[in-house]
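Structure first, then comments.
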Amino acid sequence: MRHMPEYPEYLAALVFAAGGVVNALLAPHRFSTAVLFCLAVTSAGLGVAGRSAAAHPTLATVLAVAALLLALALGLLLLADGVLLVRRYGPQAALLATGAAGCAVLAVLGLDALFHAVGGEAFGALMVAVNAAAGYLLLLFLVFAGYVFVRGRSTPLSETTHVVVLGAGLDGDRPGPLLTRRLERALAIDAARAPHTPRLVFVVSGGQGDDEVRSEADAMADYLCGRGVPADRIVREDRSVNTGQNLRFSVALVDATTSGHRATVVTSAFHVYRTTLLARRVGVPVHVVGAPTSPAYWLAATLREFAAILWLDRLPLIGLSLLLSVPVATAILQH
């Protein structure tokens, strides 16, 4: 026990890793498993970095430069993508946030450069905490992006009877590019069914926004009719204004008319995880699949979903607080 306080980062890493293993066994599809493993990796990284700097200064310098270059590339990519999208679509909050995230990454690098030039024990403790938080969030975002990539390519259940298409923005009185891709994904699911199986019923879900001339459900229904879907196979849900209402109102409409149904929800690939999470929270038994997204918009959309999950799930933010206690505890024990 006498030597345990010398390695608080490794102890924290073991605790987080054990929690991740238990969580993976109990709920293998929850993102909280990734959170715990990211906490373990970042905590261990703090210990390795702190001790390698003294024992192997050259290797530590090479790894630090590689990490700085990777962070610089990511920061510039986020900033450039934000500027490109704002110029193309206008100053929307999600697009501005992408540029702001890039600026935040570059600001951390700027603080690192300032610390290298100025030094100081208090400044050093602050930079350990800042870099720990930035590294954890960066690692968590990369894991989340991979999770979104995989979950966005899930396939519909073979016993699906209804396909629910979640609304998105309109372009005038017609579905915008994002919504069009969702509708085409729903049509592809119907077209892929065997000839002898019953045709799917399309549930188009989306109300009328303050800046829209009609409801998204009406625009989607017209699009499907134009693609040859009979009107009697289209159910309109035109009251919802968010994803939770999309799910509740759509399934309620299906429950009122069909018993023993199985619904597959179609949304954008980057939105699959949050939709699945919300469906579980509101008690709606649905399977969620994703539609492709424009490569230029994918990074901004994934970053927006990541921020939403941080707020919705709370565990990543709690984990960040726990992680920041590691360098603080280290400093206290060392003094």
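For the reader, a short list of remarks on this structure follows.
- Gap separating the Cα centres of region 171-205 and region 254-278, nearest whole Å: 13 Å
- Anisotropy class of region 71-223 from Cα gyration tensor, a/c 1.5 cut: prolate
- Reducing region 75-96 and region 215-252 to their Cα centroids gives an inter-centroid distance of 30 Å.
- 3J(HN,Hα) from dihedral phi, region 165-174, Karplus parametrisation 6.51/-1.76/1.60, rounded to Hz, x for glycine, proline: 9, 7, x, 8, x, 9, 10, x, 10, 10
- Carbon and sulfur %, accessible surface of region 181-264 computed with the full protein complex present, 1.4 Å: 49 percent
- Ordering of 290-300, 228-238 by packing [mean C-beta count within 10 Å, highest first]: 290-300, 228-238
The values are calculated or read from the model by the stated rules, or taken from the named source; none is laboratory data. Here the structure is a predicted model, which means the values were calculated and not measured. Cβ sites come from the backbone with ideal geometry, for glycine too, and all protein chains shown count toward neighbours. All accessible areas refer to the heavy atoms of the entire protein, side chains included, with ligands and DNA or RNA removed. Shrake-Rupley method; radii C 1.70, N 1.55, O 1.52, S 1.80 Å.
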